[in-house]
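Q: Sending over a structure as structure tokens; questions will come in a sec.
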Amino acid sequence: MLALSAVLPAGCSAGHVTGVKTAPSPEPRQVNINIVAVGDLLMHMPVIQSVKNPESGRYEFSQIFSPVQGLIQNADYSIANLETRLAGAKYGYSGYPVFNCPADLAGEMKKVGFDLFLTANNHSLDQGAGGVIATLGNIEAAGLDHVGTYGSADAKSKPLIKNIKGIRVGIINYTSITNGIPVPAGKPYLVNVVNHPAILKELQAIKDRGADIIIACVHFGNEYSRYPSEEQKDLVNFLFDSGVDVVLGNHVHVVQPAEIRTVTGKNIKKKKFVIYSLGNFISNQRWRYSDSGLLINLAIEKDLGSGQTTLGVIKLVPTWVDTYRVSGKQHYRILEVDRAIKDYENKADPLLTADDYHRLKQVADELSPKFLFSLDSNFKPATR
């Protein structure tokens with residue numbers, strides 16, 4: 001696990017002694033939250049078929065994520081990119097190139113600990129306008145939030161701002177493409193397609209509603225390229241200049257590097273962060289670079305005296321999709337790379353093979369700080 005800044009020492013709490021008067025605890029001066037985000041839930045049919053329970057007919061996706069579930073549940077808010085539609089069985093289940101996954105995925109991801117699905121991506125319109133609306137209904141029925149696609153102009157006009165322990169987090173989601181499928185005439189609200197004036201309008205609405213920090217989740221870039229394009233860099237610069245604090249990229253199905261920038265405004269220095277692509281969190285893409293991804297944990301801190309909100313520790317956790325067979329059936333699971341390497345070395349995971357170990361070591365090298373911050377000459381990793 002890579003921590004990108006120093007860790008502040010934790011405060012100590014006093015014990016309670018019966019019959020002894022103690023001074024009231026001082027009011028907290030700082031609020032801290034953690035937001036976790038992962039890359040693409042790229043739901044190919046082999047992944048879908050691997051979790052079908054033949055007795056109940058339900059699709060039990062949560063088993064795939066159980067090895068990393070603690071990392072997700074321990075966050076205050078967790079985000080994933082929904083690289084499929086959940087339009088229902090009547091649309092037919094399908095993987096690449098036109099996706100539709102059983103709606104069970106939403107409830108299963110809620111069980112794992114996710115809170116928000118990003119729905120603006122190149123597959124948003126795979127099942128047409130009806131598929132967009134049905135997907136949103138199934139997400140809401142599972143108790144999850146969503147951002148990026150909308151069932152009406154009224155819904156689109158209400159920006160997503162989550163009040164998490166007193167920190168107001170604004171989140172936007174846009175895609176650069178819809179795979180050549182045009183947004184239906186008269187329904188421009190269906191999908192957030194990258195458009196500078198539209199982005200500025202939404203950002204202004206978020207600021208007007210008092211957001212403390214803004215996260216932009218963007219579906220962009222050239223698939224399978226390990227480095228961002230000039231178009232990606234230009235869009236990130238625009239977002240930072242427009243008031244965005246964090247940019248989380250997805251779409252290219254491989255991890256791309258990150259940057260930490262310090263900007264000065266109103267006599268205050270502020271840290272901003274971009275990861276150009278978090279890669280695949282789950283997929284059936286078994287080739288090098290596409291079988292891995294990153295889980296990012298953002299610590300956000302708010303000083304209650306000044307009202308200033310800042311980014312604290314940023315942790316990047318490399319993950320890898322492992323496949324194994326039980327009774328002739330292929331299964332998938334997501335592993336934390338560093339932990340899995342240790343488990344193999346300690347003979348603590350009988351499912352891992354020598355080939356798996358070799359690939360895990362490769363992934364650890366591929367997603368080392370040297371690569372992840374190859375665009376950031378000022379980056380110095382924490383020593384802990």
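Q: Restricting the search to the range 114-141, which residues are among the small types (Gly, Ala, Ser) and either out of contact with any helix residue (DSSP H, G or I) (no Cβ under 7 Å at 6 or more places or on another chain) or over 21 Å from Gly95 (Cβ atoms) (or both)?
A: Matches in the range 114-141: Ala120, Gly128, Ala129, Gly130, Ala134, Gly137, Ala141.
Q: For the range 219-234, how many residues meet the condition of being part of a helix (DSSP H, G or I) and more than 19 Å from the chain's Cα centre (by Cα)?
A: Summing the residues that are part of a helix (DSSP H, G or I) and more than 19 Å from the chain's Cα centre (by Cα) in the range 219-234 gives 4.
Q: Related question: Applying the selection to the range 199-223, what residues are in contact with a His (Cβ under 6 Å, 6 or more places away or on another chain) and at positive phi?
A: Of everything in the range 199-223, just one residue is in contact with a His (Cβ under 6 Å, 6 or more places away or on another chain) and at positive phi, namely Gly221.
Q: Would you mind telling me which numbered condition in (1) free of Cβ contacts under 8 Å to residues at least 40 places away in the same chain; (2) in contact with a Ser or Thr (Cβ under 6 Å, 6 or more places away or on another chain) Ala141 fails?
A: Unmet condition: (2).
Q: For the range 166-182, state whether one or more residues are out of contact with any Leu (no Cβ under 6 Å at 6 or more places or on another chain), over 18 Å from Leu235 (Cβ atoms), among the aliphatic types (A, V, I, L, M) and assigned to a strand (DSSP E or B).
A: Yes, the range 166-182 contains a residue that is out of contact with any Leu (no Cβ under 6 Å at 6 or more places or on another chain), over 18 Å from Leu235 (Cβ atoms), among the aliphatic types (A, V, I, L, M) and assigned to a strand (DSSP E or B).
Q: A further question follows. What is the number of the single condition among (1) farther than 30 Å from Asn34 by Cβ; (2) part of a loop (DSSP other than H, G, I, E, B) that Phe114 does not meet?
A: In the conditions (1) farther than 30 Å from Asn34 by Cβ; (2) part of a loop (DSSP other than H, G, I, E, B), Phe114 misses (1) alone.
Q: Now for a separate question. Could you please let me know if Arg58 is surrounded by fewer than 17 Cβ atoms within 10 Å (Cβ to Cβ) and modelled with pLDDT of 95 or more?
A: So Arg58 fits the description; yes.
Q: Out of Ala211, Ala216, Ala155, which single residue is of a type outside the set (Lys, Arg), touching a residue at least 24 places away in the same chain (Cβ under 8 Å), outside any strand (DSSP E or B) and closer than 30 Å to Glu301 by Cβ?
A: From the options Ala211, Ala216, Ala155, the qualifying one is Ala211.
Q: Name the single residue that is farthest from the chain's Cα centre (by Cα) among those in the range 32-61 being in a loop (DSSP other than H, G, I, E, B) and among the polar types (S, T, N, Q).
A: Step by step, filter the range 32-61, then rank; the result is Ser56.
This table checks each residue for (1) assigned to a helix (DSSP H, G or I); (2) in contact (Cβ under 8 Å) with a residue 24 or more places away in the chain; (3) within 26 Å of Gly170 (Cβ to Cβ).
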position	(1), (2), (3)
Ser66	yes, yes, no
Gly70	yes, no, no
Leu86	no, yes, yes
Val98	no, yes, no
Ala106	yes, yes, yes
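Q: While we're looking at this one, here's another question. Tell me whether the range 80-97 contains one or more residues that are of a type outside the set (S, T, N, Q) and within 23 Å of Val313 (Cβ to Cβ).
A: First, pick out the residues of the range 80-97 that are of a type outside the set (S, T, N, Q): 80, 82-83, 85-93, 95-97.
Restricting the remaining residues to those that are within 23 Å of Val313 (Cβ to Cβ) gives 80.
The answer is yes, given that some residue of the range 80-97 is of a type outside the set (S, T, N, Q) and within 23 Å of Val313 (Cβ to Cβ).
Q: Would you point out the residue of the range 311-333, among those that are among the β-branched types (Val, Ile, Thr) and buried (at least 17 other Cβ atoms within 10 Å of the Cβ), that is farthest from Gly279 (Cα to Cα)? Reasoning before the result, please.
A: Pass one, the range 311-333, residues among the β-branched types (Val, Ile, Thr): 313-314, 317, 319, 321, 323, 326.
Imposing the further condition that a residue be buried (at least 17 other Cβ atoms within 10 Å of the Cβ) reduces the set to 313-314, 317, 319, 321.
Working: Val313: 21, Ile314: 17, Val317: 12, Thr319: 10, Val321: 11 Å.
In this case the residue turns out to be Val313.
Q: Could you please find all residues in the range 240-263 being outside any strand (DSSP E or B) and closer than 29 Å to Pro97 by Cβ?
A: His251, Val252, His253, Val254
Q: Select from the range 187-208 the residues that are in a helix (DSSP H, G or I) and touching a helix residue (DSSP H, G or I) at 6+ places or on another chain (Cβ under 8 Å) and list them in ascending order. Give the derivation first.
A: Pass one, the range 187-208, residues in a helix (DSSP H, G or I): 196-208.
Residues satisfying the conditions are His196, Ile199.
Q: Quick one: which strands (runs of 3 or more DSSP E) sit completely within the range 269-384 and have at least 3 residues that are without any contact (Cβ under 8 Å) to a residue 60 or more places away in the chain? It would help to see each step written out before you state the result.
A: Numbers: elements: 280-282, 292-303, 309-326, 329-336.
In the range 269-384, 309-326 are the strands (runs of 3 or more DSSP E) which contain 3 or more residues that are without any contact (Cβ under 8 Å) to a residue 60 or more places away in the chain.
The values are calculated or read from the model by the stated rules, or taken from the named source; none is laboratory data. Quick caveat, the model's predicted, so the values are computed rather than measured. Quick reminder, even Gly has a Cβ in these numbers, built from the backbone with ideal geometry, and neighbours come from all protein chains shown.
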